[in-house]
Amino acid sequence: MISANFGLGTLTFASLVILALGGRISLRQEALAIGNPLEIGYNRINPRRLVRDVAVFTFGIELIGMLLLYALWVPHLGWANAVWPAVFHSVSAFCNAGFSTFSDNLMGFHNAPLILLAIPSVVIGFVAIDKLLFGDFFRDAIFVDAKAHPAMDVLREHFHGATAMALHGFVTLPFFLALAGVLLAWFFYLKRPDIPDMLAQRFSALYALLVNKYYLDRLNEIVFAGGARAIGLGLWKGGDVAVIDGVAVNGTARLVGWFAGAIRFVQSGYIYHYAFAMLIGIAIALFFFLTLPYVWPALTAR
């Protein structure tokens, strides 16, 4: 299974490059640093367990794809004959190999949603990039004014196909910079680990700046995260506790208690006291309604 070995080797190599560059894969990977680990930079890993985890991840993804394809092809090929095509196409799709065991490739299953969505998604950009960029595929959805935005015309002049664009990536400056970074990381952390320590001591200020990622995380922690926490604390203590609970809720309860305490002294329990209070209320109401026709015009005249 050349494709399986290629995909597994690619993931393993990528993981080792990340470690060689001093990056971290995951907290779980750091927890594997027990029992005669290999030290690369400032990470301590166990190579056997790293390869094992990569293999488990790779074969796990391929197993899921195999089961889905097997369920798709059992009605057409039978229980036994669907095993090998499912395994082969799952590995081929994971490695972006593009191989098929069928004479017509996958045209016989062109109506299957799993085939239409999963497998072509890894190669659809390579096949359809011309029509997507320079054709009329998006004519009813996207309109570009060529006079105001001539970038697509410039791109069309320099575009010579997907293959040429992919090969061009291997002769550009970013590729050589990435390759140089990988080679330097391999040399510094695998062959001469004393050089990074010497450079870190000699350029301690620059080393501290880079290790702390230009102190942007610290700035975010103090200004943005700290400011958000301060605002939240102020809204909690000032708005929720002081205003809502202290004034609205507890203040209303205290006002009701005070008013009830004051009214309690008026409620003597004697009927003639209540009758006298009713008479006073009626007298006030009569005075108001009787004097209002004379007082209101004088007030509005001013």
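The values are calculated or read from the model by the stated rules, or taken from the named source; none is laboratory data. Only a predicted model underlies this, so the values are computations on that prediction, with no experimental measurement involved. With ideal geometry, Cβ positions are generated from the backbone for all residues, glycine too; neighbour counts draw on all protein chains shown.
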Query - Enumeration of residues in the stretch 195-237 that are closer than 29 Å to V247 by Cβ and not hydrophobic (A, V, I, L, M, F, W, C) - result: G226, G227, R229, G232, G234, K237
Query raised in the report: Do the conditions hold for V295, that is, is it within 30 Å of K237 (Cα to Cα) and either surrounded by 10 or more Cβ atoms within 10 Å (Cβ to Cβ) or touching a residue at least 40 places away in the same chain (Cβ under 8 Å) (or both)?
Result: no
**Report entry** Flag if G234 is at pLDDT 90 or above and either under 29 Å from F187 (Cβ atoms) or in a helix (DSSP H, G or I) (or both)
**Finding:** yes
Query raised in the report: What residue, among those in the stretch 229-281 that are surrounded by 10 or more Cβ atoms within 10 Å (Cβ to Cβ) and of a type in the set (F, W, Y), is farthest from the chain's Cα centre (by Cα)?
Result: F276
Query - Filtered residues of the stretch 169-186 (kept if assigned to a helix (DSSP H, G or I) and exposed (fewer than 13 other Cβ atoms within 10 Å of the Cβ)) - result: G169, F170, V171, L173, P174, F175, F176, L177, A178, L179, A180, L183
Query raised in the report: So which pairs qualify, if the first residue must be in the stretch 215-232 and under 25 Å from A205 (Cβ atoms), the second must be outside any helix (DSSP H, G or I), the Cβ gap must be under 9 Å, and the two must be at least 6 apart or on different chains?
Result: R218/N212
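The rows are residues; the columns are (1) over 30 Å from G135 (Cβ atoms); (2) of a type in the set (K, R); (3) under 35 Å from the mean Cα position of the chain (by Cα).
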position	(1), (2), (3)
D153	no, no, yes
A178	yes, no, yes
F187	yes, no, yes
L199	yes, no, no
V211	yes, no, yes
Requested in this report: Sort out which residues of the stretch 184-214 are among the hydroxyl-bearing types (S, T, Y) and in contact (Cβ under 8 Å) with a residue 60 or more places away in the chain, and write them in order of number.
Outcome: Y189
